[in-house]
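Report on the following structure.
The values are calculated or read from the model by the stated rules, or taken from the named source; none is laboratory data. Since the structure is predicted, the reported quantities are computational estimates derived from the model, not experimental observations. Here Cβ is always computed from backbone atoms with ideal geometry, including for glycine, and neighbour counts include all displayed protein chains. For the accessible areas, the whole protein counts, side chains as well, though only heavy atoms, and no ligand, DNA or RNA atoms are used. Shrake-Rupley method; radii C 1.70, N 1.55, O 1.52, S 1.80 Å.
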Amino acid sequence: MKNSNAFKVAIGGLISAFSLTLLLLTGVFPFGTYAFPVISGVLLISIFLEFGFRWAMLVYGVISILSLFFVADKEAALFFILIFGYYPVVKSYIEKIKSKAVQYIIKLGIFNLGAVAVYFIMLFIFGIDADAFVIFGVNIPPVFLLVGNVVFIIYDFAVTVAAIQYIKKYRNILFKG
């Protein structure tokens with residue numbers, strides 16, 4: 001049953017619906033702009049571990065497309081699409097590289113490219129005024145990027161812990177047999 005396409009579609013639909021619901025809630029809870037894309041991406045760990053890379057990327061694609069159409073907080077949707085949605089899936093491939101230094105260069109490169117892309121998309125596609133990112137004369141994006149790198153390293157560790165916990169505790173509960 002676990003290997004049937006109908007089962008995979010059903011589980012993918014449930015994860016997609018839950019992730020999209022979280023992303024929709026970013027319009028209600030402002031702190032969710034950063035937290036909910038992270039949680040939505042972590043949910044894809046189960047799809048990746050149970051059904052593989054292709055199914056995880058398919059579910060990621062579905063959530064990404066739907067979030068562009070339905071999520072009011074476009075910044076949250078972009079953070080999901082450009083960083084947090086696919087990162088838990090590609091992380092395991094990055095970690096096959098022997099050098100930890102190269103791993104972290106790639107990981108931080110993904111984060112920085114995604115974060116900078118979100119900023120410029122918000123400015124030039126969604127028309128947010130650059131002055132909206134200045135508080136008390138301080139240009140906030142460089143500060144966010146610096147702090148974001150530190151938080152991303154913690155997030156990277158948390159994704160590993162989440163995957164281990166899923167395998168040890170939840171896999172047998174959710175997918176018996």
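Between the residues Phe120, Tyr60, Thr33, the greatest Cα displacement towards the positive end of the dipole of the chain, with unit charges on the Cβ of Lys, Arg, Asp and Glu, is found for Tyr60. Taken over the alpha carbons of segment 77-136 as equal point scatterers, the Debye sum produces base-10 log I(q)/I(0) values at 0.21, 0.27 Å⁻¹ of -0.82, -1.07. Helix content alone sets the calculated 222 nm mean residue ellipticity of the chain: runs of n ≥ 4 DSSP H residues at -39500 (n - 2.57) each, divided across all residues, give -24000 deg cm²/dmol.
Are there DSSP H segments in the chain that both extend 15 Å or more along their axis (alpha-carbon positions) and score a mean Kyte-Doolittle hydropathy of at least -1.0? List them, or say none.
Working: long enough: 5-24 (27 Å, 1.64); 32-51 (28 Å, 1.70); 53-70 (25 Å, 1.79); 100-124 (35 Å, 1.58); 140-165 (35 Å, 1.87).
Long hydrophobic helices here: 5-24, 32-51, 53-70, 100-124, 140-165.
When the gyration tensor of segment 47-104 is built from Cα positions, what are the square roots of 5 times its three eigenvalues, in whole Å, from largest to smallest?
Working: eigenvalues 126, 47, 6 Å².
Working through the eigenvalues yields semi-axes of 25, 15, 6 Å.
Rounded to two decimals, the Cα-based Rg/Rh of segment 114-175, with Kirkwood Rh, is 1.25. Evaluated on the chain, the Kirkwood hydrodynamic radius is 17.1 Å, with distances taken between all distinct Cα atoms.
Heavy-atom accessible area with a 1.4 Å probe sorts Glu50, Glu75, largest first, into Glu75, Glu50. Taken along the Cα-to-beta-carbon direction at a fixed 7 Å, the label points for Leu108 and Asn139 span 2.1 nm.
Each label point was placed 7 Å from the Cα along the Cα-to-Cβ direction; for Val90 and Phe126 their separation is 2.1 nm.
Note the direction-averaged projected area, equal to a quarter of the hull surface, for the Cα convex hull of segment 35-137, in nm².
Averaged projected hull area, Cα only: 7.9 nm².
A convex hull fitted to the Cα coordinates of segment 4-63 yields 61 cubic angstrom per residue.
The accessible surface of segment 1-58, taken with every protein chain in place and a 1.4 Å probe, is 75 percent carbon and sulfur. Using r as the Cβ-Cβ distance of Leu49 and Ile97, and R0 as 25 Å, what FRET efficiency do you calculate, to the nearest 0.05? Result of the calculation: an efficiency of 0.80.
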